[in-house]
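The values are calculated or read from the model by the stated rules, or taken from the named source; none is laboratory data. Keep in mind it's a predicted model, so treat the numbers as computed, not measured. Cβ atoms come from the backbone with ideal geometry, glycine included; neighbour counts cover every protein chain shown. All accessible areas refer to the heavy atoms of the entire protein, side chains included, with ligands and DNA or RNA removed. Shrake-Rupley method; radii C 1.70, N 1.55, O 1.52, S 1.80 Å.
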Amino acid sequence: SLDGLLKAGVHFGHMKSRRHPKMEAYIYTTRKNINILNLEKTAEKMETAAKFLAEVVKSGKPILFVGMKKQTQETVRSLAARLGESYVIDRWLGGTLTNFSMIRSRASYLNETHNKIGLGEFKKYTKFEQAKKKEEVERLEKKVGGIKRMEQLPGAIVIADVKDAGLVVHEARKMHIPVVGITDTNTDPSLVDYPIPGNDDALSSLRLLLGYLGKTILETKERTVAEKVAAKETAKETAKETAKETAKETKTA
């Protein structure tokens with residue numbers, strides 16, 4: 001609701017001097033030299049982005065969440081984990097999208113190493129060797145830990161702070177991957193396919209905007225699973241009925 005967006009401070013932008021010209025269409029007014037966003041347009045863009053993400057979920061493709069700013073990282077990580085999706089926070093590894101096969105091989109190696117540790121395969125090594133292996137795992141976890149379960153390129157990328165994610169946007173465009181992103185008043189909204197005008201600094205704003213998208217994704221996933229289960233049950237019942245009819249016909253013959 002507009003009231004919810006207002007209470008979360010989604011409408012507060014940056015100073016007028018930092019306004020990006022292409023954000024003019026989303027700015028309602030300026031108060032005390034601070035840009036105030038038009039929340040009706042924010043709500044409209046959120047709804048459009050949510051519908052798009054629902055379609056991505058239905059297609060079976062993963063969604064990658066990105067948060068570069070320190071204040072966005074925990075929100076992005078926890079949301080992605082709750083949805084069972086991948087994430088990148090703090091630092092974007094160049095080639096994550098454009099050289100995905102190489103990144104995927106490092107992620108696979110990390111998964112295999114975790115499995116070996118769980119099975120105790122490194123206990124036969126010396127303490128020094130075990131310590132070196134632990135350091136290697138920690139480095140890899142920091143670099144590709146958030147995407148270690150991502151088996152294919154994402155169907156969409158959700159960015160919490162577009163202004164700070166230039167390399168992400170560049171790679172996404174190169175690979176033709178649609179981007180949903182929160183765009184504050186100092187950001188070029190044309191950089192992303194589905195811009196959501198909003199405050200990308202306040203935690204309350206980020207949690208509300210990302211939470212809404214997350215809720216849509218989760219509900220779509222649950223509905224898709226339920227539909228698949230129902231389809232399987234229907235198929236089973238149809239098969240049973242067919243088998244009964246075939247048995248009757250055979251008996252009659």
### Query
Roughly how many percent of the accessible protein surface of the range 1-114 is carbon and sulfur, given a 1.4 Å probe and a whole-percent answer?
51 percent
### Query
Residues of the range 47-71 with amide nitrogen under 14 Å from the 7 Å Cα-to-Cβ point of Glu219?
47-55
### Task
For the range 102-192, report the accessible area per residue in Å² (1.4 Å probe, heavy atoms, rounded to an integer).
55 Å²
### Query
How high is the FRET efficiency from Phe122 to Lys41, r the C-beta distance, R0 51 Å, rounded to 0.05?
0.40
### Task
Report P(r) for the chain: all Cα-Cα distances, bin width 10 Å, range 0 to the bin holding the largest distance, values in whole percent.
7, 26, 26, 18, 12, 7, 3, 1, 0
### Message
Between Arg18 and Asn99, what is the label-point separation in nm under the 7 Å Cα-to-beta-carbon projection?
### Response
3.3 nm
### the range 1-125 - convex hull of alpha carbons, volume per residue in Å³
189 Å³
### Message
Using all alpha carbons of the range 103-253, what is the percent of pairwise distances in each 10 Å bin, ordered from the shortest bin to the longest?
### Response
9, 21, 21, 19, 15, 8, 5, 1
### Task
Work out how much length Asp193 to Arg149 would gain on full extension: take 0.36 nm times their residue separation and subtract the Cα-Cα distance, in nm to one decimal.
13.3 nm
### Message
With a cut-off of 8 Å between alpha carbons and a minimum separation of six or more residues, what is the relative contact order of the chain in percent?
### Response
28 percent
### Query
Any idea what angle helix 203-252 forms with the longest principal axis of the chain, computed on alpha-carbon atoms, 0 to 90 degrees, nearest 10?
20 degrees
